[in-house]
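Notes follow once the structure below has been shown.
The values are calculated or read from the model by the stated rules, or taken from the named source; none is laboratory data. Bear in mind the structure is a predicted one, so any value in this text is a computation, not a measurement. For neighbour counting, all protein chains shown are included, and Cβ atoms are generated from backbone atoms with ideal geometry for every residue, glycine included.
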Amino acid sequence: MENNYAKSRVDGIANYLEASFSLLGLSGPRGGSKAISEIMCRDSQYCPAIQLLYSVWSQMYLNRVNITGGDMLDSDAVACIPYTSFSTVDRRMYDYVGRAGHELSINHRTHVFVHLADLLSALASQQRVP
């Protein structure tokens, strides 16, 4: 089962890359999108925005009965999370990001917040560290 999931993840990210290249009018890499996807999926540190975004979309698909239009808009901000010190998202996206982070063995919950008070507390504690 794990191998099937890994294969579908590689294929899914490859499809995402091909669609992105096509949308931008680019021909894509010489080795093909699947070769790039296989490299990316070896380590969660390779292209973390694409991997996190793909994982969040996968989590949303599993919960597709409850998806709202706002969730799709909120998912755009997810791509920024790996490159920020702190991020805020709504409760639903926080849950999706948490599940996706777990799937990727990344703890994004250390710097992703729902409540402004929690973010301010994290900022204050970071400033106290010499």
Can you name the residue in the stretch 76-96 that is more than 11 Å from the chain's Cα centre (by Cα) and buried (at least 17 other Cβ atoms within 10 Å of the Cβ) and is also nearest to residue 48 (Cα to Cα) among such residues?
-> 87
Test: residue in the stretch 97-109 that is charged (D, E, K, R), surrounded by 11 or more Cβ atoms within 10 Å (Cβ to Cβ) and in contact with an Asp or Glu (Cβ under 9 Å, 6 or more places away or on another chain) | no
Failed item in (1) surrounded by 13 or more Cβ atoms within 10 Å (Cβ to Cβ); (2) without any contact (Cβ under 8 Å) to a residue 60 or more places away in the chain; (3) assigned to a loop (DSSP other than H, G, I, E, B), with residue 44 passing the rest | (2)
Do we have residue 49 as among the aliphatic types (A, V, I, L, M), touching a residue at least 12 places away in the same chain (Cβ under 8 Å) and surrounded by fewer than 18 Cβ atoms within 10 Å (Cβ to Cβ) here?
-> yes
Among (1) assigned to a loop (DSSP other than H, G, I, E, B); (2) at pLDDT 85 or above, residue 85 falls short only on (2)
Verdict on residue 27 being more than 27 Å from residue 113 (Cβ to Cβ), part of a helix (DSSP H, G or I) and out of contact with any Pro (no Cβ under 6 Å at 6 or more places or on another chain) = no
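Okay, residues lined up against (1) farther than 30 Å from residue 124 by Cβ; (2) in contact with a helix residue (DSSP H, G or I) (Cβ under 8 Å, 6 or more places away or on another chain); (3) modelled with pLDDT of 85 or more:
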| site | (1), (2), (3) |
| --- | --- |
| 5 | yes, no, no |
| 8 | yes, no, yes |
| 25 | yes, no, yes |
| 45 | no, no, no |
| 64 | yes, no, no |
| 96 | no, yes, yes |
